[in-house]
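Take a look at the structure below.
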Amino acid sequence: MICAVYKSRRKADSYLFIEKRNEFERVPEALLEMFGEAELVMMLPLSKRDHLGFADINKVKSELKEKGYYLQLPPPKVNLLEAHKKEIGYSRD
């Protein structure tokens, strides 16, 4: 299985995996609008790989078969100061 991987020019670190190059028919219109202009990054042979960088390869393959696309978003940013305050039990009260 080979898929096309596109990056968003609007949303940093967001990638859209689709079944075939330039075939966005199965991707919802609202998602395409949010994603913005898609720039081809690579053609990726999934059948020859055991893992991907940040995405679960089995989930990518499954969603490509079921939905025709897989959207990879960056992990949410953690506010380290707030996490530290919570960890030490700091309160302004």
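The values are calculated or read from the model by the stated rules, or taken from the named source; none is laboratory data. Small disclaimer: the values here were computed from a predicted structure and weren't measured. Every residue, glycine as well, gets a Cβ built from its backbone with ideal geometry; the counts of neighbours run over all protein chains shown.
Among the residues of the range 13-38, which ones are loosely packed, with under 11 Cβ neighbours inside 10 Å and charged (D, E, K, R)?
Scanning the range 13-38 gives Glu25, Glu29, Glu33, Glu37.
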Which condition does Lys85 not pass, out of (1) under 16 Å from Ala12 (Cα atoms); (2) charged (D, E, K, R); (3) surrounded by 10 or more Cβ atoms within 10 Å (Cβ to Cβ), if it passes all the others?
-> (1)
Please go through the range 1-29 and pick out each residue that is at pLDDT 95 or above and out of contact with any strand residue (DSSP E or B) (no Cβ under 7 Å at 6 or more places or on another chain).
-> Asn22, Glu23, Glu25, Pro28, Glu29
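Go through the range 1-90 and tell me which strands (runs of 3 or more DSSP E), entirely inside it, have 1 or more residues that are within 12 Å of the chain's Cα centre (by Cα) and free of Cβ contacts under 8 Å to residues at least 40 places away in the same chain.
On the way: elements: 2-8, 15-18, 38-45, 69-72.
Per the criteria, 2-8.
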